[in-house]
1. So what is Rg over Rh here for region 299-504, counting just Cα atoms and using Kirkwood for Rh?
2. Which value in nm describes the separation of the simple spin-label points at D80 and K395, placed 7 Å from the Cα toward the beta carbon?
3. Round to the nearest 0.05 the FRET efficiency obtained for N278 and S119 when R0 = 41 Å and r is the Cβ-Cβ distance.
4. Explain nothing, just the number: dipole magnitude of the chain about its Cα centre with +1 on each Lys and Arg Cβ and -1 on each Asp and Glu Cβ, in debye rounded to the nearest 20.
5. So what are the ³J(HN,Hα) numbers for region 15-32, from phi and the Karplus equation (6.51, -1.76, 1.60; θ = phi - 60°), rounded to whole Hz, Gly and Pro as x?
6. Can you sort Y520, Y175 so the residue with the fewest Cβ neighbours within 10 Å comes first?
7. How big is the gap, in Å, between the Cα center of region 341-396 and the Cα center of region 180-239?
8. Pick out, from M414, L435, T504, the residue whose Cα sits farthest towards the positive end of the charge dipole of region 409-519, with +1 on the Cβ of Lys and Arg and -1 on the Cβ of Asp and Glu.
Amino acid sequence: MNFGFLRVATAVPVIRMSDCEHNAKVIIEQIKEAEKKSVSLLLFPELCITGVSCNDLFCFPSFCQKAELALEQIKQSTADCTVAFCVGLPRKKGNALYNAMVLIQRGEEKCVFYKETLSLTEKRYFSSPKNYVAPNVSIQETSFSLQFDKPMDFVNADIVLCPSGNYSIVGSETYKKKWIEAISMEKSIAVLYAQTGSGESSTEVVFAGNAMIAECGEILSQSEMFSWQSQLIIADIDIERIQANRLNLCEKQQDENVVEIVVAERKDEDLIREIDENPFIPKGEKWLERMEEIVNLQVQGLFTRLHHVGIKKVVVGISGGLDSTLALLISVLTMEKLGLPRTNVLAITMPGFGTTDRTYSNAVGMIKGLGVTFQEISIKESCIQHFKDINHSEKLFDVVYENSQARERTQILMDIANQQNALVVGTGDLSELVLGWATYNGDQMSMYGVNAGIPKTLVRSLVRYLSSEKIFDNVKEYLLDVVETPVSPELLPFDEEGKIVQKTEDLVGPYELHDFFIFYALRYHFSYDKILFLAKKAFANKYVEEEIIHWLKTFFRRFVQQQYKRNPMPDGPKIGTVGVSPRGDLMFPSDAINVF
């Protein structure tokens, strides 16, 4: 099972300018190398059989005939190859000469693409085809088209091939990379770009030999520019991901001018693609920029809601855990933006039967260090009274014991909000909403959920980011300790050493796994089998297959069963591409059975 992955490649052959016979040999070598590496689709640069810098040689019919003879040699030598490949040459048709790319598989020409938009220099040799419709090619339940140099116009294809004969100047290749990233993201396509390189004439210009494979805004693989070695750039593109992205961009249309290519059945093979185990968290230089942007989105959401309803205070329940910490920091930043005092943030600690010294100390330390209004209300006595009222033993540590504490805390927050004309800021995150890891009408409910669009792994990353901000210098030590504290609802009594007994990830599963599942199940609607395949690749050094299977089944079971908790969820800002709001993001039936 290939799970929708298609292995593609771009080639940068080191040619000899105008030596068609030699160039054919180099091209054949690269095609056979691609065949050995199970490539299904291979793109060569524009006019690779001759070279783009032949200039007036294109005016000699005998030279163009040599190019055709070289093409015949390529076809004969690759008749047993399943890889489909595009090679470029000058081709005479009638009384005109065209810049052509020929698609070949198993020694047969499947179709020909002609360059339509020509520079003034190119018009000296080549004609632009009249009434020409570029064919779409079908391969492994996807389609690709070819546009010379770069895809200027959107085509109804999942993959766009871009053979290029452009020369390089300062900054041109940086621009080209950014452009390909942008167009592949905007149109949700894969782009294969192959530029001619070493071996071309350097009389006036030079050629970089740039080759790239991009998918939905990400460069998967890129050549070494200005190399004197022939290069084959390979990547596995995810057709299912591309098509899932494009569902909302355009309506798939049936093109009458379609050429079909059959891909030979191959055994499952190692994926030439890095699978990020934390898909919600950006890497490298993008991390700081993305963290700042997310915080701004959260602040803007809360700011807008408070401004709209005319409320100047917020109430936040603070446990000393990740979610409530992030909600508290966002509330403080919102008051700064509103020009209101921090004391308008009413931070309430509500210690219960499972509250540990560590989380309590962090909660109190943060509240006092931030200068917000502090209030402590123990829920122990009220819960004990409630147990008596409903005839439930306080020694029976069951779901009633746990959920009554969550509902008592929510009641306190709501009532204080009524007293103070304030708004209750919810702390629950995206991961908890997807898994239903919340008490119905308890911590599941608030007046505005600032974390509703943020998965748990990203919450941790955001708190770490905010700990480095100057505005929070005096609470940095508390924030960093919160980041290192095990995730727990702390609804069961702690152990004899005062440590947390009820660790969420021991019960519901590791959040890094669940966030991985969330990303691929809700963002791309991948199947159970494909998500398992990807997770085994991403977490090969962390979890054995049996663990991943166990938690993946847990994920799908809880996701399907817990929709009733998401249906009445409070308003909250959508942060990324994954959301579970029943008002637009996830319209899912509460009674679904055997969905996955």
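Quick note: the coordinates plus some simple rules give every number you see, no bench work behind them. Since the structure is predicted, the reported quantities are computational estimates derived from the model, not experimental observations. With ideal geometry, Cβ positions are generated from the backbone for all residues, glycine too; neighbour counts draw on all protein chains shown.
1. On the way: Rg = 16.3 Å, Rh = 17.1 Å.
Reported Rg/Rh (Cα atoms, Kirkwood Rh): 0.95.
2. Here the answer is 8.1 nm between the modelled labels.
3. Working: r = 45 Å, r/R0 = 1.10.
So, using R0 = 41 Å, E works out to roughly 0.35.
4. Result for the chain is approximately 1080 debye, rounded to the nearest 20.
5. Result, rounded to whole Hz: 9, 10, 4, 6, 8, 4, 5, 4, 4, 4, 4, 5, 5, 4, 4, 6, 5, 5.
6. Working: Y520 22, Y175 10.
In increasing order of surrounding Cβ atoms, one gets Y175, Y520.
7. 58
8. M414
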